[in-house]
Every structure is written in C-alpha cells, then in structure tokens.
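Nothing in this text is a laboratory measurement; each read-out follows from the coordinates by a stated rule. None of the values given here were measured: they were computed from a predicted structure. Every residue, glycine as well, gets a Cβ built from its backbone with ideal geometry; the counts of neighbours run over all protein chains shown.
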Amino acid sequence: MEKIGLIGLGNMGEAILKALISSGYKSEDLFFSEIKPERAEFIAKRFKITHVNDIKQIVNKVKYIIVAVKPQDAKKTLEDMIPNINEENVIISIMAGVSISKILSFSSKEFKVVRAMPNICAKVGQSITAITSNKKVEKHELKEVKKILSSIGHVVEINEGHMDAMTALSGSGPAFVLFFLEAMIDAGVKMGLAREKSKEIVVQVLKGTVEMLEKENLHPTMLKEMVTSPGGTTIYGLTYLEEKAFKGNLIKAIERAAKRAGELSI
C-alpha cells in the first residue's frame, strides 16, 4: 500500500484516518500533521501513527497527501506545503469551496490535484464523496484515490463545475433529510406517540425505504405508487404536500444551497 499523509485532523480528518486503519492500512504507512498540540497528542496516542510537526517533511514521506484543513487555513497550509511538492505527490483536497485552480495558484508549476467533497456520513462509513482532478493525475493514481476514499463510503467522479451542486445535495443533504425526519417525528408526537417511539418508527421507515429502493432497483416514483392506493391515506397526504409545493420548495432550497456554495468558493 502507498504511504498516506493527512494534514488537519479535525472531525473529517479523524473519520478518514479511522476508516483507513479499519480498511487495512498499516499505522506505519500513515503520517499526519496537526497544528493543535493537544489534538496531535490525542491522535498519535489513539491511532498509534507518527505526527510530523513540519508539513514540508510529510511531503517527502508519502505519495498521497490528504489536506483536511478548514478553508480559512488553506492559504497558510498550501504556502507551507506546495514549494516541497514533487512530481510524484498527489494532493487530495477536501477543503470545502477551494477550487483546483486556487490550489495550483500557489505554485509556478502544475502538480497533481484531486478535489474531493465527502459529507458528514463519513463518520459512520456511509459518505457519498465526489471527486474531480486535473489532467496531471494519471488513471492508476485516480483509481488509488478512489480506493482511499472508498474507506469512508461511496465515491463518484464528477466535473468540477458540478461541485457546487454536489455540495448542496451531499454536503447539505443530510440536514434536509434530518429536517424532514424531525417533522415526521413531531407529527407522531402531535398524534400522541411518545417521542422516542415516534423516532424509532420514523428512522426505521427511512432505513426500510432506502433499502427497498436499492434492492428493487426502481425509480422512487414507481415505489411511491406501490404505497399509494386509490382514495387511500397516502394520496390524501401527498395531495396536501403538492398543494403546498413541497417538491418545488425542496428543489429551490437545494438550488439556493448550491448558489451559496458558489458564493463561498475561492
């Protein structure tokens, strides 16, 4: 296995590290750099991997470098790291809103960059991660990046121009789903169910629906029709949602999230 370096061990960085170890990467092949001393000490002890104080040194130790710092820390991190990048290194950036062209702007020469957008579900190995790369990244290297990131869930390759849409669907998506689930749970409570019981029911409805969608391999509309009997309870509920433009408003919400993602990009 190739050696991997991680820069920035916040929640997402730790989730990736944990997943890499669980999927078979050896501790001796993993290195990390973290500016917060107490955080660095915690990670080193918990995962038994080497902390490298100087970012410049980590570049020389590994081929793949996962940059997981906050966007506001991108400038300093890239300025410290990029002068030492060699032609073999592959930068995997999960910095939200930081474009490939912005990353490359810190150097006079082009180097290999893969931009990735995971989501919070990486913490339980169920992320949907979008990746895109510049032309310097070779096919076998992109395949290795997919293998690395598949440790936290499913990986899809997209054009960079669709990253804002991906941010809205994937990054913000869990919040939209949770907002919907919260409403369903509250509905159960309003009708007299205990909150924990309502939550248990609603969460299982979601799990079962998603699993059925995957196993039956049908369009959501087809599955929806399976539970929508003529004159029944479901069609009455769906009709009310249509009257309130539920679907249209949800589409607008996702579009607004994507627009904001573009405004925040650098």
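Only bridges whose two residues both fall in region 4-163 count here: according to DSSP, what percent of them are antiparallel, nearest 5?
15 percent
Over the chain, calculate the relative contact order: mean separation of alpha carbon pairs under 8 Å at least 6 apart, over the residue count, as a percent.
15 percent.
Rounded, prolate or oblate: which fits the chain, taking a ≥ b ≥ c as square roots of the Cα gyration tensor eigenvalues, rounded meaning a/c under 1.5, else prolate when a/b beats b/c? Write out the running numbers ahead of the final one.
Values: a/c = 2.38, a/b = 1.95, b/c = 1.22.
Prolate.
Could you work out which residue, out of ILE131, ILE49, ILE94, moves most in a Gaussian network model of the chain, that is, has the largest mean-square fluctuation with Cα springs under 10 Å?
The residue that fluctuates most here is ILE49.
Picking from MET81, MET12, MET184, which is most flexible by a Gaussian network model of the chain using Cα springs under 10 Å?
In this elastic network of the chain, the residue with the biggest mean-square fluctuation among MET81, MET12, MET184 is MET184.
Rounded, prolate or oblate: pick one for region 162-221, where a ≥ b ≥ c are the square roots of the eigenvalues of its C-alpha gyration tensor, a/c under 1.5 means rounded, and failing that, prolate if a/b is larger than b/c, else oblate. Each step should come with its number before you reach the end.
On the way: a/c = 3.19, a/b = 1.47, b/c = 2.17.
Since a/c reaches 1.5 but b/c is at least a/b, the shape of region 162-221 is classed as oblate.
If each DSSP helix of 4+ residues adds -39,500 (n - 2.57) and the sum is divided by the residues in the chain, what number results at 222 nm, nearest 500 deg cm²/dmol?
Calculated mean residue ellipticity at 222 nm is -15500 deg cm²/dmol.
Using Cα atoms only, what is the angle between the long axis of helix 11-22 and the major principal axis of the chain, expressed in degrees (0 to 90) to the nearest 10?
So the inclination is approximately 80 degrees.
At 7 Å along the Cα-to-beta-carbon direction for both GLN57 and ILE251, put a label point, then send me their distance in nm to one decimal.
5.5 nm
Pick from GLU200, GLU157, GLU88: which is most flexible by mean-square fluctuation in a GNM of the chain where alpha carbon atoms under 10 Å apart are linked?
Among GLU200, GLU157, GLU88, the largest GNM mean-square fluctuation belongs to GLU200.
ILE158: net charge of surrounding residues, Cβ under 14 Å, Lys/Arg +1, Asp/Glu -1, itself excluded?
-1
Residues with beta-carbon under 9 Å from that of ILE131, excluding ILE131: net charge, scoring Lys, Arg +1 and Asp, Glu -1?
Around ILE131, the surrounding residues sum to +1.
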